[in-house]
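Structure, as structure tokens:
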Amino acid sequence: MSYIGFMSTTPDLESIALASINSVQLIDALEDLGFDEIDVIPVDGGFALLICDEQIAVGIGDDAFEASENLLDRVADLFYHDTPDA
């Protein structure tokens, strides 16, 4: 006898929704800093940030939310460490 149970997709949908919010916030923040042609695209296992069609950073994770959080962390590290001291 086999049993096929109902599998909830709610956690997956929540993860995707939160990842979308993170992507929009990242794009808005970079546009506020004066960057143009910004895009966040899905890559195998996560997301990549493109500015003027050049890959700037990648975030990989077990789900969409974790991957988007890792992308935010990577971008923050890049901008923090690559900004000259005043």
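Summary table
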quantity: Subset of the stretch 54-86 (residues that are over 18 Å from ALA19 (Cβ atoms), acidic (Asp, Glu) and modelled with pLDDT under 95); calculated: ASP77, ASP82, ASP85
quantity: Residue tally, condition polar (S, T, N, Q) and touching a helix residue (DSSP H, G or I) at 6+ places or on another chain (Cβ under 8 Å), over the stretch 31-86; calculated: 1
quantity: Strands (runs of 3 or more DSSP E) contained in the stretch 21-86 and holding at least 1 residues loosely packed, with under 13 Cβ neighbours inside 10 Å and either of a type in the set (Ser, Thr, Tyr) or out of contact with any Ser or Thr (no Cβ under 7 Å at 6 or more places or on another chain) (or both); calculated: 38-43, 54-60
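The values are calculated or read from the model by the stated rules, or taken from the named source; none is laboratory data. Being a predicted model, the structure only gives us computed values, none of them experimental. Note that we place each Cβ from the backbone using ideal geometry, even for glycine, and neighbour counts take in every protein chain shown.
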